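Nothing in this text is a laboratory measurement; each read-out follows from the coordinates by a stated rule. Keep in mind that what you see is a predicted model, and the values were worked out from it rather than measured. Don't worry about glycine lacking a Cβ; one is built from the backbone with ideal geometry, like all the others, and counts go over all protein chains shown.
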Amino acid sequence: MSPERRKRSESRSEGPPAAAGGPRATGPVRPPRVGLFPFAEEGVRPLSAAEVQPVPRPAAGRGLRFGPWHLVFIACLLALGAMAAFVIGAASAQRGFEMRRAYLARPVIFDGVSIDGLSVGGLTRRQAEALLLGRGQGEDAPGPALSGALDAAYAVGRQGFAWMIGSDRTPFDIRWEHTRHIARTGLALSTHAAP
C-alpha cells in the first residue's frame, strides 16, 4: 500500500475533528468488541462459547405444527365439501324429478295393468283397444264395459284421490307412488260384468 493511502486510511480510523479547523480527536470511533455482547453493561459478564446452549430443532419429519390457521383451513375445506355435496345432491334430485316427470307424461297405460288377463301396460289407449278387440276379449264392440275398463286403465297415475287432500305430499309424488305400486302389485280390470 502506498504511503499516501495509508495516511488516508489512518485518518479515517481516527475520530471526528474536535472543532472546525482544530485538532482531530484520537482513538477509535467504535468501542472495542468484547465477547459475544459488544455493548454489555458494567458487571455483566458475556457468556463463553461453552456456556451457550444451542436451540433445539425438531427432528426431520416432526417439524409440522398444528396451529389455528390449520383449523381455519380445514373448516374452509369442510365448508367447500358440504357446498359441493349440496349442489350435487340438488342436481341429482332434479334429474330424478325430470325422469319421473317424463315417465308420467308418456301417453301410455302404465306398467302392471291388465284387462281380461291381457297386459296392456306400455300401450296407448288405441293400441290396447285394438289388442282387446283383436283377441276377442271385448266382443260386444267397443261398448261401455270396454270403454270403462280402458278409462280405468289409462287413469292409473293420472288422477288424484280424495284422501290426498290435506296430505303433506304433492299430487305429483302421489301419482308417482301409485304407478310404482301398480307396477309391483298389478291391477286386473275386466270388461265382463261381475256375476
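Laid out as a table, the results:
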quantity: Low-density loop cleavage sites - trypsin sites (Lys or Arg not before Pro) in the range 64-150, where at most 13 other Cβ are within 10 Å (DSSP); calculated: Arg65, Arg135
quantity: Cleavage-rule hits, chymotrypsin sites (Phe, Trp or Tyr not before Pro), the range 94-171, DSSP coil, Cβ neighbours within 10 Å at most 14; calculated: Phe161
